[in-house]
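The structure appears right after this line, and notes come after that.
The values are calculated or read from the model by the stated rules, or taken from the named source; none is laboratory data. Quick caveat: nothing in here was measured; it's all calculated off a predicted structure. Cβ placement follows ideal geometry from the backbone for every residue including glycine, while neighbour counts extend to all protein chains displayed. Please note that ligands, DNA and RNA were not included when accessible areas were found on the heavy atoms of the full protein model with its side chains. Shrake-Rupley method; radii C 1.70, N 1.55, O 1.52, S 1.80 Å.
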Amino acid sequence: MKKRIPYIALVIMLFILACSNDFLDENKEEIDLYTLNVPLYIEQTADFIEVSITLPELKNKSLHVFQYPKMIHFDSFDYQTDETGLLKMKIKADNSFYLPVSDTPYNGGNIVLNVKDVGYMAINLFFVNLGNPNLVFDEATFTWGFNREEKNFSISNTNDNSYLVYKIEEYPDWITITSENAIDGEGYAILPGGTTSSDYHMHVNTHGLAPGEYSGKISIVSNDKAHPLSQIEVKVRVSDSKNMYAIEGTVKDCEFDKDRNILYIATAQPDKILVYDTDNDMKVNNYTIAGNIRCLTLSENGQCLLVGQDKQLSVINLSDFSEKRIPLDIDVADVADGANGFYYISSYKGNNLNGDFYSYEISTGTMTLSHYSTDFVEGDRIVKVKGKPYLFTTRSAVTPGKIYCIDISEGEPKLLFYRLEDTHNKLWFAENRLFTRLGDLYTFTNEELSDKTRLDNLPKNSNQITNYRLFLGFDVNAQTKSIWGSGYFDIQQVGPKPLVFGEYKIIEWDLNTLEMKRDIEPSYYDTTYDGKTNEYATLPHYIFTTSRGEKMYLVKNIYTKEGFEIKEHNNWLIEVTDLKN
């Protein structure tokens, strides 16, 4: 099905060649006649063109051309209207008179028709000279993958002494086209030559369409004699909802056990731990846990979950999901398993406030605060180097930002070094590489960590990105030798509510060379939010790949864009992506 914009009175000339003919002289007899309220517009041409006009009062009528202006020529003087009153004639206006280029029609008099069984009827004739316009548009193809961002195109007339008359005649029904400055009323637009253009905005809505690839054309008819029909190709991809799984509540944190391909998700309202077996058709078990959950960490041996809460740390044995609660005097911001008889905990003090750093000895239940000294460390977020006695922490509320590297080989934390780097309060560590939210990458090649380590920067996905990037998640897959990152691209500021000029992307880089291998657009989610069922854009907060790198799991939330600001809504889901294709 295709949309059609209703026509207005102005008629576009379609230039169809016809053979010449002999002509009669103009009949100058004075008669009584009735003037039809339907104008006819024609241009001066060397060849006959077919023009059409609808006369609703004259359906299925035979008629004869009785009088006409002397500069008008017909290929025949006898015509027939159809059942709608449509009259088609082949006609031309010679160049025996001067007609300047203008968008104002020139009154050329009347064509008088002798209609059988009715009498004499007159059609008002207008001459137009719109010059020789040239229609151009800035792009000929538009493709929407899973991204539904607005796309724009402009129509211009590059010939100065001319007027372009055009109409966007039809387009796929999954596209909406709007414009603020196009003079298109209910149909045609008139565009003078020069620097002016008509700007259009396109939105797609594939709600209700089956998964797959769709394509179509935006057809533009005009008085561009060389190209009376111009077309813009449009394509869209619709995601498969079978690969999406709704999550009840608000996602607080996630962990993925790559050895077992198990996904753990902590939620609030309800306060639960969701356990997804990704190797068994996403079979899920859920467990209720008391207390406000702030963070979730998988122990180094994969046997326990550490759940940070307000005034409590819960240790969940994953063999039977039994729970051990450790009362604390702090609200837990983050926690790490040292695999050395200690847990390392940071405190939550509120937004824009740095938390304190603690070590908790499991056997004695002793909690020790890191004091201001040569070994003082702080940080809201903690990551453990798997298989090695090192932690990294970072802070968010103090400028400049810092990355602390901590030795925990003897249990009590000892500061190895720190670097002044803006991390935006988030770190990831995998395969001897430390990642920050800004795309900085530290590669540790020696057995012992050092502040002399190499600093790289993940390549940008486009040379058009002129501002910041802000990553929301990273995953490293040793099997496929890939780094995966998801986040904002091309933002003007780094903050809780960045101004986003580019798109959200999921990028794959080569683990060794850091060359970009591919990018994936986050798909839309067909769901109901606030009583409105629609396709909503999604923002991947967490990204994980299976041990063999065959599938990707994205834990996402829906959002809407207000100007350049992002507004998230509480409607979470998991999307499963097949990476083999």
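In segment 215-344, what is the count of Lys pairs whose alpha carbons are under 15 Å apart, counting only pairs at least 8 residues apart or on separate chains?
Summing the qualifying lysine pairs gives 4.
Starting from the Cα-Cα distance between Lys217 and Thr443, subtract it from 0.36 nm times their residue separation and give me the gain in nm to one decimal. Don't skip to the answer; put the middle values down first.
Numbers: separation 226, 0.36 × 226 = 81.36 nm, distance 4.86 nm.
So the chain would gain 76.5 nm between Lys217 and Thr443.
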Task: Within segment 107-150: backbone nitrogen closer than 12 Å to the Asn60 label point (7 Å, Cα to C-beta) - done: none
Task: Label-point separation in nm, Ala210 to Ala246, each point 7 Å along Cα→Cβ - done: 2.4 nm
Task: 16 Å reach of a label modelled at Asp281, 7 Å along Cα-to-Cβ, counting backbone N of segment 237-261 - done: 242-245
Open item on the list: Students often forget the sequence filter, so: which aspartates and glutamates lie under 16 Å Cα-Cα from Lys70 once same-chain residues fewer than 8 apart are removed?
Closed with: Asp22, Asp25, Glu26, Glu29, Glu30, Glu43, Asp94
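Before I look further, what does segment 86-161 give for accessible area per residue, probe 1.4 Å, in whole square angstrom? Walk me through the intermediate numbers first.
Values: 3570 Å² over 76 residues.
It amounts to 47 Å² per residue over segment 86-161.
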Open item on the list: Show me, for segment 285-294, the HN-Hα J-couplings you get by feeding each phi into the Karplus relation (A = 6.51, B = -1.76, C = 1.60, θ = phi - 60°), rounded to Hz, glycine and proline as x.
Closed with: 10, 10, 10, 7, 9, 7, x, 6, 7, 10
TODO: For Ile177 paired with Thr45, estimate the spin-label separation in nm (one decimal), with each label point 7 Å from Cα along the Cα-to-Cβ line.
DONE: 2.3 nm
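If I stretch the segment between Leu369 and Ser409 completely, what's the gain in nm (0.36 nm per residue apart, minus their alpha carbon distance), one decimal?
Working: separation 40, 0.36 × 40 = 14.40 nm, distance 1.76 nm.
Length gained between Leu369 and Ser409: 12.6 nm.
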TODO: Any chance you could check the Cα centroid distance between segment 519-563 and segment 76-130 for me, in angstrom?
DONE: 59 Å
TODO: Multiply the residue separation of His203 and Thr560 by 0.36 nm, subtract the distance between their alpha-carbon atoms, and state the gained length in nm to one decimal.
DONE: 127.1 nm
Task: Amide H contacts under 5 Å for Lys426, placed H, 5+ residues apart - done: Arg437
TODO: Mind giving me the nanometre distance, one decimal, between the label points for Thr196 and Gln269, set 7 Å out from Cα along Cα→Cβ?
DONE: 5.2 nm
- [ ] May I ask you to evaluate 6.51 cos²θ - 1.76 cosθ + 1.60, the Karplus curve with θ = phi - 60°, for each residue of segment 159-173 and list the ³J(HN,Hα) values in order in whole Hz, giving x for glycine and proline?
- [x] 8, 4, 8, 6, 10, 8, 10, 9, 8, 6, 7, 7, 6, x, 6
